[in-house]
Amino acid sequence: TDRLGPATTPASILREKLSFRASALVLSSYSYSPTCLVCAVTMTVIKSPLLETNSLSPVKKVSAGSTENARQHSSPWPMTWRVRARLAAAITNSLMVTYVYAAHLSGLDWNRFGNFRAIAEGDLQTVRDYLKTWDLDPVFNHLRLFTFSEAMLENLEVYMIVGTPVALSLFFLELQRTRWLDEVIGRALPGAGSSWMRMLLNAYMASFGITLSFILAIGPFHLELPRAHYICAFLAIGFGCFSLILYLLATKDLNPLLASGDVEAMAWAAQTHDIVRPVLKCVAALHILVFVSATWKAESLADDRAALAFGIVETSLVLAYQVFGGIFFMDDMLMGRALEAPAPAQRKLENNKKAKQPAAAAAVE
């Protein structure tokens with residue numbers, strides 16, 4: 001409240017309601033694994049004061065400084081099929097990824113740790129050395145150790161059976177969400193004021209779809225086809241990171257939406273600023289850790305510690321992508337609330353009918 005100041009605009013009300021839970025969520029994202037972060041996100045929003053109070057009208061325009069108008073047309077925030085589907089997809093895929101990698105690690109002979117990939121004296125020691133000679137087959141053999149790709153190969157059917165419907169579900173959910181956002185932003189900021197944000201959101205959706213395509217392609221192009229597999233894996237991570245960057249750029253300046261007077265747009269902007277963006281920044285930062293661990297592994301092919309560290313970080317990134325796809329269930333809640341609300345024209349017609357009823361009754365009397 002001190003940060004927001006004494007003003008009591010609708011935007012400040014939304015920020016105040018989300019601020020405490022957002023702080024707890026950001027701390028949890030630094031303190032726990034991505035799987036725990038899924039639970040933290042869920043509990044944060046379910047217990048958020050914003051969801052415990054009356055809902056806000058998605059289309060109603062409110063004047064600056066008015067707090068009562070922002071609470072009109074109240075109804076519960078719905079747990080729609082979109083919300084349930086997104087959470088089910090994120091949690092199911094997280095459990096699948098955790099199972100696949102844990103099963104792989106549990107099946108290894110840990111008495112051999114430190115000698116899984118022993119390299120004879122005089123052999124090449126780094127990926128750079130092999131690239132100079134363009135002898136890639138030994139590199140692929142060294143790189144597969146402790147990776148999620150190697151774990152996936154042992155449970156390929158599980159990966160495809162679970163991963164395929166999850167990817168398709170997330171794609172269609174995101175397609176509907178971005179179309180809804182395009183409509184909300186266009187209504188709140190008509191004209192050229194929203195064109196850049198809407199263009200970036202469309203680019204994000206295209207990049208997100210490409211990311212899912214390469215994630216699914218990793219299945220048929222598994223480690224037994226190393227060249228195709230590593231190309232698909234590299235492109236999946238690359239487009240995943242690019243999608244995150246596009247979304248963060250699109251939501252960089254939310255102040256115009258917070259001041260637009262459109263309560264639906266303000267609610268989305270407030271929760272995006274206070275919760276969604278910090279979570280996505282953590283996921284984006286994890287790519288840096290993946291790059292660092294990959295460099296360590298590439299420069300130390302004989303070091304099992306480097307291989308294990310990369311495998312754990314890589315799997316953590318895969319789990320973090322589930323948070324990336326799952327965090328938008330908050331938008332699905334707003335979207336469900338908006339779809340359930342009557343259109344402005346319909347509300348006006350209903351109000352006119354209600355106003356005419358007493359007059360008609362008086363005339364009959």
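Measuring r between the beta carbons of residue 103 and residue 224 and using R0 = 30 Å, the FRET efficiency lands at 0.95. Between residue 135 and residue 296, the FRET efficiency estimated from the beta carbon spacing at R0 = 22 angstrom works out to 0.55. Scalar couplings 3J(HN,Hα) for region 302-319, obtained by applying the Karplus form with A = 6.51, B = -1.76, C = 1.60 to θ = phi - 60°, are 8, 9, 5, 5, 5, 5, 5, 4, 5, x, 5, 5, 4, 5, 4, 5, 4, 5 Hz; x denotes Gly and Pro. Across region 238-244, computed HN-Hα scalar couplings (Karplus, 6.51 cos²θ - 1.76 cosθ + 1.60, θ = phi - 60°) run x, 6, x, 5, 5, 5, 4 Hz from first to last residue, x flagging Gly and Pro.
Which shape class applies to region 144-186: rounded if a/c is under 1.5, otherwise prolate when a/b exceeds b/c and oblate if not, where a ≥ b ≥ c are the square roots of the Cα gyration tensor eigenvalues? Oblate shape, in that a/c is at least 1.5 and b/c is the bigger or equal ratio. For the peptides 325-333, 292-300, 88-96, 127-135, residues were scored by their other Cβ atoms within 10 Å and the scores averaged per peptide; the highest-first order is 325-333, 88-96, 292-300, 127-135. Rounded if a/c is under 1.5, else prolate if a/b is larger than b/c, else oblate: which is region 235-315, with a ≥ b ≥ c the root eigenvalues of its Cα gyration tensor? Note, shape of region 235-315 comes out prolate. The string of couplings for region 282-292 from the Karplus curve (6.51, -1.76, 1.60, θ = phi - 60°) is 5, 5, 5, 5, 5, 4, 5, 5, 4, 4, 5 Hz, one whole number per residue in order, with x for Gly and Pro. A straight chain from residue 79 to residue 253 at 0.36 nm per residue would run longer than the Cα-Cα distance by 59.8 nm.
A 1.4 Å probe over all protein chains sorts 266, 79 by accessible area into 79, 266, starting with the largest. Under 1.5 on a/c is rounded, so check that first for region 154-313, then, if it is not, pick prolate when a/b is larger than b/c and oblate when it is not; a ≥ b ≥ c are the square roots of the alpha carbon gyration tensor eigenvalues. Since a/c reaches 1.5 and a/b is larger than b/c, the shape of region 154-313 is classed as prolate.
With both labels modelled 7 Å from their Cα along Cα-to-Cβ, the residue 288 to residue 115 distance reads 4.0 nm. Computed over the alpha-carbon atoms, region 182-223 gives an Rg to Rh ratio of 1.31, Rh here being the Kirkwood radius from the mean inverse distance. Each Lys or Arg adds one and each Asp or Glu takes one away; over the other residues whose Cβ falls under 14 Å from the Cβ of residue 148, this sums to -1.
The values are calculated or read from the model by the stated rules, or taken from the named source; none is laboratory data. Quick caveat: nothing in here was measured; it's all calculated off a predicted structure. Reconstructed Cβ throughout: ideal geometry from the backbone, glycine too, with neighbour counts over all protein chains shown. For the accessible areas, the whole protein counts, side chains as well, though only heavy atoms, and no ligand, DNA or RNA atoms are used. Shrake-Rupley method; radii C 1.70, N 1.55, O 1.52, S 1.80 Å.
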